[in-house]
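**Q** This is the structure I have questions about; it appears just below.
The values are calculated or read from the model by the stated rules, or taken from the named source; none is laboratory data. Bear in mind the structure is a predicted one, so any value in this text is a computation, not a measurement. Here the Cβ positions follow ideal geometry from the backbone for every residue, glycine too, while neighbour counts run over all protein chains shown.
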Amino acid sequence: MTYTIGEIEELTGIKANVLRYWETVIPGFAPRKDLGGRRVYTERDFEIVLRLKHLIYEQKYTIEGARNQILHESEAYETHAQSMNAIRELRSELTELYFNLKKSKK
């Protein structure tokens with residue numbers, strides 16, 4: 001699902017000018033634009049807005065602190081994603097070895 005900037009503003013209570021500002025200071029937060037030049041927010045963008053809202057308005061982070069927290073969380077996710085891919089590859093190799101051993105015993 002995608003959202004317009006007005007829908008994001010309505011859903012989150014964050015004004016459009018603040019959303020546009022966040023686009024300039026938060027790496028990885030850049031809603032794409034449609035052919036008419038209107039911003040199109042994805043579910044991921046919506047989640048980032050909610051996370052920023054929580055960090056800035058509820059946890060009282062500065063914008064820089066919120067940006068650093070978002071970057072840290074992204075890096076942690078990437079680290080886990082790499083680990084998950086490594087586990088999947090290892091599992092695949094072990095499964096292949098298992099079937100090869102099973103075939104060789106026959």
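**Q** Select from the stretch 14-47 the residues that are in a loop (DSSP other than H, G, I, E, B) and either touching a residue at least 60 places away in the same chain (Cβ under 8 Å) or closer than 19 Å to Ile70 by Cβ (or both) and list them in ascending order.
**A** Matches in the stretch 14-47: Ile14, Ile26, Pro27, Gly28, Phe29, Ala30, Pro31, Thr42.
**Q** Something else: Given the criteria over 29 Å from Leu19 (Cβ atoms) and modelled with pLDDT under 85, does Ser83 qualify?
**A** yes
**Q** So, one more: Note down all Cβ pairs under 7 Å where the first residue falls in the stretch 48-75 and is of a type in the set (Gly, Ala, Ser), the second is in a helix (DSSP H, G or I), and they're at least six residues apart or on different chains.
**A** Pairs that qualify, where the first residue is of a type in the set (Gly, Ala, Ser) and the partner is in a helix (DSSP H, G or I), are Ala66/Leu52; Ala66/Leu55; Ala66/Ile56.
**Q** Of a type in the set (D, E, K, R), surrounded by 10 or more Cβ atoms within 10 Å (Cβ to Cβ) and within 19 Å of Met1 (Cα to Cα): does that describe Glu47?
**A** yes
**Q** So which of Leu90, Leu101 is over 13 Å from the mean Cα position of the chain (by Cα), at pLDDT below 95 and loosely packed, with under 10 Cβ neighbours inside 10 Å?
**A** Answer to the selection: Leu101.
**Q** Ile26 - would you say it is surrounded by 15 or more Cβ atoms within 10 Å (Cβ to Cβ), farther than 22 Å from Tyr77 by Cα and touching a Lys or Arg at 6+ places or on another chain (Cβ under 8 Å)?
**A** No; evaluated as a whole, the condition is false for this residue.
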